[in-house]
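Working notes for the structure below.
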Amino acid sequence: MANTFVMAGVMGWPVAHSRSPVIHNHWIRQYGLQGAYGLFPVQPERIEDAIRGLRALGLAGCNVTIPHKVNALKLMDVVDPLALRMGAINTIVVTPEGALLGYNNDGFGYIQSLRDAKPDWQAAAGPITVLGAGGAARAVVLSLLDEGAKEIRLINRTRAKAQALADEFGAAIQVVDWSERSEALSDIALLVNTTDQGMHGQPELDIQLDRLPQSALVSDAIYIPLETPLLRAARLRGNETVNGLGMLLNQARPAFKAWFGVMPEITPALRQAIMATF
Ligand code: NAP
């Protein structure tokens, strides 16, 4: 692959805020490859044309982000079984024969971000509380189950969405009412926020941490800001925390490997390049 110019990118709407070009172009330079990763602002009604165009343009593939993750799946020739269970893709690989393969690496990114922070982390170490039941929650919950989680307390403002996820993914998921979110933290080993509460421009997550064991790991899918009010409150009371940047960086690794042939590493220089964009 070293002598071929390889093109990839991310389709989204809007997409200008995406950090993916910083990540992939950093790796292209780091590994001395010939290629480029661009931003493709694709309106929702144009997603089919855009995906069909990948083949014609000779791209190695692309990422898809909001709002295309569900609709893009339907346009693939082959969908990875894990992405099929998630009901969404975030990565497309175009084979040399022109077939479109769909993957979802968000769950891989999430689990890997926990392992990077705590190499001995085990999903079965104790009960887990997941806040939220949207796209990020689906990826997080499924990957936690695949890692061997025994008990997941799923808590969402709209209870029916949490219930639907529990019905789909099985008995290890116990739905708890949003009003009981603070009580549901006692005796857990991991707390995950997958709601958008605490994200830049949103109110902070309304939750009391008094019952959370100090041994619990606290993670947030949000990466803007890097330290959400939840993570700050958890850190100040002595809990170990993991922000959403690791999930973002790690989900990019298998995609880069598929397109460029190298499994890239997350180095301090890459983290620095990303931090410079905030
Ligand atoms: P989504 O599908 O729109 O889900 C949003 C979730 O937030 C839903 O569970 C929703 O609850 C909840 N929510 C919204 N407003 C709320 C409020 N006022 N009070 C309580 N809950 C509220 O979004 P998503 O794609 O899952 O993304 C969620 C977050 O994860 C975003 O901040 C996103 O940036 C982050 N994320 C990060 C990565 C990464 O790589 N680090 C990847 C994906 C997503 P209802 O069901 O009640 O509306």
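The values are calculated or read from the model by the stated rules, or taken from the named source; none is laboratory data. Here the structure is a predicted model, which is why all the values come from computation and not from measurement. Glycine also receives a Cβ, built like all others from the backbone with ideal geometry; neighbour counts cover every protein chain displayed. Ligands, DNA and RNA are excluded from the accessible area calculation, which covers all protein heavy atoms including side chains. Shrake-Rupley method; radii C 1.70, N 1.55, O 1.52, S 1.80 Å.
Of the DSSP beta bridges with both residues in the chain, give the percent that are antiparallel, rounding to the nearest 5.
Numbers: 7 of 37 bridges.
Here the antiparallel bridges make up roughly 20 percent for the chain.
Can you give the accessible area of Ile155 in Å² (nearest 10), computed on protein heavy atoms with a 1.4 Å probe?
Roll a 1.4 Å probe over it and Ile155 shows about 0 Å².
When ranked by the protection proxy of mean other Cβ atoms within 10 Å per residue, highest first, what sequence do the peptides 31-44, 102-115, 189-202, 240-253 form?
Numbers: 31-44: 16.1, 102-115: 23.4, 189-202: 19.9, 240-253: 21.9.
Going from most to least packed, we get 102-115, 240-253, 189-202, 31-44.
I'd like to check one number: the per residue accessible area of the chain, probe 1.4 Å, reported in Å² as a whole number.
I get 45 Å² per residue for the chain.
Normalised by the residues of the chain, what does the relative contact order come to in percent, with Cα pairs under 8 Å and at least six apart?
Here the relative contact order equals 16 percent.
Give me the accessible area of Ser215, 1.4 Å probe, in Å² rounded to the nearest 10.
My reading of the accessible area for Ser215 is about 90 Å².
Antiparallel DSSP bridges in region 8-123: what percent, to the nearest 5?
In region 8-123, DSSP labels about 45 percent of beta bridges as antiparallel.
By how many nm would the segment from Asp177 to Gln163 lengthen if fully extended, with 0.36 nm per residue of separation less the alpha-carbon distance? Intermediate results must be reported in sequence, preceding the final value.
Values: separation 14, 0.36 × 14 = 5.04 nm, distance 1.01 nm.
The Asp177-Gln163 span can extend by a further 4.0 nm.
For the chain, give the percent of accessible area contributed by carbon and sulfur heavy atoms, probe 1.4 Å, rounded to a whole number. Kindly include the intermediate steps, with their values, before the conclusion.
Numbers: 6640 of 12570 Å².
Whole-percent figure for carbon plus sulfur exposure: 53.
Between Gln214 and Phe278, what is the FRET efficiency for a Förster distance of 30 Å, r being their Cβ-Cβ separation, to the nearest 0.05?
About 0.55, to the nearest 0.05.
Select from region 7-107 those GluC sites (Glu not before Pro) which occupy a DSSP coil region and have at most 14 other Cβ atoms within 10 Å, ordered by residue number.
Answer by residue number: Glu97.
Going Cα to Cα from Lys69, which lysines come in below 27 Å? Please leave out same-chain ones fewer than 8 positions away.
The qualifying lysines are Lys161, Lys257.
Working with all protein chains in place, sort Arg55, Arg138 by solvent-accessible area computed with a 1.4 Å probe, largest first.
Largest accessible area first, the residues go Arg55, Arg138.
Scan around Thr241 for amide H atoms under 5 Å from its own, H built in the peptide plane at 1.01 Å from N, and keep only partners 5 or more places away or cross-chain.
Val218
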